[in-house]
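Participant: Can you read through this structure? Questions will come right after.
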Amino acid sequence: MMPTIVNRTGGKWAFEKLANILSKSLWLDITEDFGDINYLLCVEENNIYNVSNFIPIKSIKIAADKREIEKKFKEYYVPRPKTFLANNEKEVEVILSIYPKIQWILKYPIGCGGINHRLIENINQIPKRWPKPLLIQEFVQQQIPEVYRLYCVDGETFGFNVRRFKDKNNKIPWVSHANGATYEYGESPDKEAQKVAKIALTSTGLYNTFGAIDLLKNQNGEWYALEVGTDGIYNYVDREIENQDLFDEINERLAQAFWKNLGTPPWGKNWKYKE
């Protein structure tokens, strides 16, 4: 059996750093040809439907589109802020009229890091040619803007952290690494956070392979799932996490899971990076 990391096409430069990390941790070559089992990074969509991949291709597609995530969250009753998919502006107008006390976010469905998200009060604030269906979500007020994250590999969650802005006066609602938020460690997830994470990752098909889940806590202390992420084709899970132990743990867990059913792993008894 020939396992490989596949990274090709004109966009492969965006995945090169991750490809090199994975090559050393999974002990695999980076190629432009599909193997028997793959860790797909940048590939063209029309050639992947019969390809065997460590992370289900269907799940990669779901994680890349917040509208598809919402469909799965709704199907599995994942706790989340009030969220709607609207076919047009008139449907949004109805939602705004039914819930006048809620502040709403118009989410850009295929972006990451909060890029292009915006708060809206009326349909005139919806840009023309915005991708449809329109995804609007309740904005959860927080005294300090923060988003929690858990990672999951092979059915186990780990690596609990929280993103916050170092400047406590920074009230930007999109608490992402891309917007300058930093990772903080030391807190532990309670059972409810772990429960929400599990059902969210299960709903999107990532629980038994690899994914990350973003969570927030409302003013009543209830946990909500925001979205999931994974590696491949469109995006990848942020590895710039400012924590070497967690960085190594993600890589080791991925390596062990990838080789779990492939026979004796190439590193021998104890995992280590390939030199």
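Participant: Given the criteria under 16 Å from the mean Cα position of the chain (by Cα) and outside the structural domain of F210 (by the TED database), does F73 qualify?
Facilitator: no
Participant: Ok, one more. Could you go through segment 35-55 and let me know if any residue there is under 30 Å from K217 (Cα atoms), touching a residue at least 12 places away in the same chain (Cβ under 8 Å) and within 22 Å of the chain's Cα centre (by Cα). Walk me through how you get there before you give the answer.
Facilitator: Narrowing segment 35-55 to residues under 30 Å from K217 (Cα atoms): 55.
From what is left, the residues that are touching a residue at least 12 places away in the same chain (Cβ under 8 Å) are 55.
When the remaining residues are screened for being within 22 Å of the chain's Cα centre (by Cα), the result is 55.
Looking through segment 35-55, at least one residue is under 30 Å from K217 (Cα atoms), touching a residue at least 12 places away in the same chain (Cβ under 8 Å) and within 22 Å of the chain's Cα centre (by Cα).
Participant: Go through segment 229-245 and give me each residue that's in contact (Cβ under 8 Å) with a residue 24 or more places away in the chain, open to solvent by 10 Å² or more (accessible area, probe 1.4 Å) and not in a loop (DSSP other than H, G, I, E, B).
Facilitator: G229, N235
Participant: Is segment 83-97 home to any residue that is in a loop (DSSP other than H, G, I, E, B), farther than 30 Å from F258 by Cβ and either open to solvent by less than 60 Å² (accessible area, probe 1.4 Å) or among the aliphatic types (A, V, I, L, M) (or both)? If you could, list the steps in order and put the result at the bottom.
Facilitator: First, pick out the residues of segment 83-97 that are in a loop (DSSP other than H, G, I, E, B): 87-88.
Keeping just the survivors that are farther than 30 Å from F258 by Cβ gives 87-88.
When the remaining residues are screened for being either open to solvent by less than 60 Å² (accessible area, probe 1.4 Å) or among the aliphatic types (A, V, I, L, M) (or both), the result is 88.
Yes, there is a match, as at least one residue in segment 83-97 is in a loop (DSSP other than H, G, I, E, B), farther than 30 Å from F258 by Cβ and either open to solvent by less than 60 Å² (accessible area, probe 1.4 Å) or among the aliphatic types (A, V, I, L, M) (or both).
Participant: Would it be correct to say that V140 is free of Cβ contacts under 8 Å to residues at least 12 places away in the same chain and either touching a Pro at 6+ places or on another chain (Cβ under 8 Å) or outside the structural domain of F165 (by the TED database) (or both)?
Facilitator: Details: free of Cβ contacts under 8 Å to residues at least 12 places away in the same chain: no; either touching a Pro at 6+ places or on another chain (Cβ under 8 Å) or outside the structural domain of F165 (by the TED database) (or both): yes.
Judged against the criteria, V140 is not a match.
Participant: Regarding segment 254-270, can at least one residue be identified that is under 13 Å from F210 (Cα atoms) and open to solvent by 40 Å² or more (accessible area, probe 1.4 Å)?
Facilitator: Going through segment 254-270, the residues under 13 Å from F210 (Cα atoms) turn out to be 254-258.
When the remaining residues are screened for being open to solvent by 40 Å² or more (accessible area, probe 1.4 Å), the result is 256.
Looking for residues that are under 13 Å from F210 (Cα atoms) and open to solvent by 40 Å² or more (accessible area, probe 1.4 Å), one finds at least one in segment 254-270, hence yes.
Participant: I'd like the residue in segment 196-215 that is out of contact with any Leu (no Cβ under 6 Å at 6 or more places or on another chain) and aliphatic (A, V, I, L, M) and, out of all such residues, is surrounded by the fewest Cβ atoms within 10 Å (Cβ to Cβ).
Facilitator: I199
The values are calculated or read from the model by the stated rules, or taken from the named source; none is laboratory data. Please read all numbers here as calculations on a predicted model, not as lab measurements. Using ideal geometry, Cβ is built from the backbone for each residue, glycine included, and neighbour counts are taken over all protein chains shown. Heavy atoms of the whole protein, side chains included, go into the accessibility calculation; ligands, DNA and RNA do not. Shrake-Rupley method; radii C 1.70, N 1.55, O 1.52, S 1.80 Å.
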